[in-house]
Amino acid sequence: MTMTTCDLYIRADVVVTQNDTREVIEDGAVAISGNEIVGVGPHERLRGAFAPVETRHLARRLLMPGLINSHTHAGMTYFRGAADDLPLMQWLTDHIWPIERAVTTEIIHFGALLGCAEMLRSGTTTFCDMYLVEDETARAVDDSGIRATLGEGIFVFPSPAYQNVQEAYEVVADFHRRHKDHERIATIVSPHGVYTTTKEILTDSYALAERLDLPWQIHLAESESETAQCLEQWGKRPVAYLESLGLLSERSLLHHCVDLTDEEIALFADRKVNVVHNPESNMKLASGTARTQALTEAGVSLLLGTDGAASNNNLNMFTEMTSAALVQKALRMDPTAMSAQTVLDMATRNAGGALGWNRIGQLVPGFAADIIALDLDSPNMLPLYTPSSHLVYAATGLEVVMTMVAGRIVYEEGRFMGFDYPALVEEAARVAAWLVEQKKSAAKG
Ligand SMILES: [Zn+2]
C-alpha cells in the first residue's frame, strides 16, 4: 500500500466530522497537508495511508470543525459591559453612537484583537464582521491567525473611514482589491440596516456586491420597533422593502430576522437567503425571539452569530449554541424544537458558502484545516454518550485546548501564537479609562 506524505497527523478519541452523514469517529484521526485536510477516518484505517512529518496523539480530546460566528462586530469589543439593560434604539443613540463618533483606530484595533483572542480561545475559527475601519480588524485577523469575512459598515452618515457613501463604496472595493488573495480574509458588502441607509445605498451596495461577486449583509427585522420605523419611513415592512428592491437572494446574509410573518418566512425559502440567528443579543435587548424552528422547517438556510460584545456580552459560540436551542424550546413550549444537531449545523457546516468560503465547517478531505480540540475529561463533559448533545448543552467553550486555522495552530493551552496577549490585557485598562472619560464628557453635552 502506498503512503501519502502529510505535514501533520492528529489522532484523538473522538472526531466529530459534521460531514454529510454527521459521522462521529471513535479513535479517529485527521491528516493535514499545508492549509487543508487530506484525510479523515478511524486511526486503524488511516495510519497505513499517511506518512506524516509530525504526529500528535491527543488521546482524551474531541476534534471537530472550528465554529463559525456568522455575525459579530469584533472591533466593538471595547464596549463590553459599557452600557447594559437598555432598549435597542436608546442603547444605540445614547450610548453606542456618541462613543463611536470619538473612537480612534487604535481602540478599534484593540477591540478587534481582543475579539479575535476571545473567539480563538472559545473555539471559533471564522467570523463574519461588520464595523467601522475594517482595515483595523483585518490587521487583527492577520496577526491572530483567525479567518474572517469582513465588511465596512455603510451608513447614510459619515464614519471614521469615509466622508460620504461614494467614498464608502471606494473603501469597500479597495479593501477587496487588497485582500482578495489573502488566505484567511474575505470581503462582504455591508449596508448597516434599513434605518441607517437609503434606497439608493441598498441598491447601489447590492450592485457593488454583484459586480465584485461578494456576499451582501444587513441587519434586518431585528425588532418590532424597526418594523414600525420602516413602515413609517419606507412604507413597507423590512422584508417587503428589500424584496421590492430585488435584494433577497443567495447573496443576502440577513442578521436577526426576529419580526417575520409566515409569508416572509416562505419568501425567504423561495429567495434562498441566509438568515443569521443571534439569540443572546435578541434576548438581552428584548428584541424578541427569531422563529428558527419555523425557518428550519421552511428550508431556510440558518446560521448562528453572537452579535457584538456590546450587546451579548461575549463572543462565545458554545454558549450561543446553548441559547439557540433553549430559547426556541421555551418559545414553542416544545422540547423537540431546534435539536442539538440542528444547532451544531448552524454553527459549522451551514455557514461556509454564505460567508464566501466554500470549504469550511466540516472535517472532510479538501476542506480547510480549521480544527479545534476539546478536553473530554472536563467534569462537565463526563460521561459521554452523544457528542452533539455535549457540544450544544454541556460545553462552555473553556474545554477548548487547541485551535487550528488553515493548518496552523494559533491557540493552545492558554497561549496565543500570533500576538502578545499580556500586552493586550494591559491595553484593556487604558481603553476602559478612555471610554469612561468619553461617557462623562458626553453626559455634560
Ligand atoms: Zn449586529
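Tabulated data
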| item | result |
| --- | --- |
| Dipole magnitude of the chain, debye to nearest 20 (Cβ charges: Lys/Arg +1, Asp/Glu -1, about Cα centre) | 360 |
| Leading residue at positive end of dipole, the range 31-108 (Cβ point charges), from Gln90, Ser70, His43 | His43 |
| Simple spin-label estimate for Asn314 and Glu23 in nanometres, 7 Å along Cα-Cβ | 3.3 |
| Mean Cβ count within 10 Å, highest first, over the residues of peptides 282-292, 169-179, 243-253 | 282-292, 243-253, 169-179 |
| Proximal charge balance of Pro215 [Cβ under 10 Å; K/R count +1, D/E count -1] | -1 |
| Debye log10 I(q)/I(0) at q = 0.15, 0.22 Å⁻¹ for the range 183-255, Cα point scatterers | -0.46, -0.92 |
| The chain: most fluctuating residue of Asp204, Asp129, Asp262 per GNM, C-alpha cutoff 10 Å | Asp262 |
| Set of lysines near Lys284 by C-alpha distance (under 20 Å), chain-local residues within fewer than 8 positions excluded | Lys329 |
| Value of relative contact order over the range 264-327, rounded to a whole percent, pairs C-alpha under 8 Å and six or more apart | 38 |
| Highest average packing first - 416-423, 101-108, Cβ atoms within 10 Å | 101-108, 416-423 |
| Over the range 1-149, equivalent-ellipsoid semi-axes from the Cα gyration tensor in Å | 42, 16, 11 |
| Beta bridges per DSSP with both ends in the chain, % antiparallel, nearest 5 | 45 |
| Sites Thr396 and Leu86 - FRET efficiency at Förster radius 25 Å, r taken between beta-carbons, to 0.05 | 0.40 |
| Taking the chain and dividing mean pair separation by its residue count, relative contact order in percent (alpha carbons under 8 Å, at least six apart) | 20 |
| Relative contact order %, the range 225-319, counting alpha carbon pairs below 8 Å whose residues are six or more apart | 23 |
| Leading residue at positive end of dipole, the range 208-357 (Cβ point charges), from Ala337, Ala347, Tyr241 | Ala347 |
| Calculated diffusion of the chain, Stokes-Einstein form, Kirkwood radius summed over Cα pairs, 20 °C and 1.002 mPa s, µm²/s | 97 |
| 222 nm mean residue ellipticity, helices alone, for the chain (DSSP H n ≥ 4; -39,500 (n - 2.57); rounded to 500) | -10500 deg cm²/dmol |
| Pairwise FRET efficiency - Glu36 versus Glu412, Cβ, R0 = 25 Å, nearest 0.05 | 0.80 |
| Sorted peptide list for 160-166, 386-392, criterion being average Cβ within 10 angstrom, highest first | 386-392, 160-166 |
| Electrostatic dipole magnitude of the range 96-217 [Cβ: Lys, Arg +1; Asp, Glu -1; Cα centre; debye, to 20] | 200 |
| Simple label model, 7 Å out from Cα along Cβ direction - Val436 to Asp262, nm | 5.4 |
| Signed unit charges on C-beta, dipole axis of the chain, positive-most listed residue Phe367, Tyr9, Gln328 | Tyr9 |
| Assigned charges on the beta-carbon of Lys, Arg, Asp, Glu; the range 246-352 dipole about Cα centre (debye) | 200 |
| Residues Glu183 and Leu212, FRET efficiency given R0 of 22 Å [Cβ-Cβ distance, rounded to 0.05] | 0.75 |
| All lysines inside 30 Å of Lys180 as judged from Cα atoms, apart from same-chain residues fewer than 8 positions distant | Lys199, Lys272 |
| Charge context of Ile32, other residues only, Cβ under 13 angstrom, K/R +1, D/E -1 | -1 |
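Every number here is computed from the coordinates shown, using simple stated rules; none is lab data. These numbers were taken from a predicted model, which means no experiment stands behind them. Quick reminder, even Gly has a Cβ in these numbers, built from the backbone with ideal geometry, and neighbours come from all protein chains shown.
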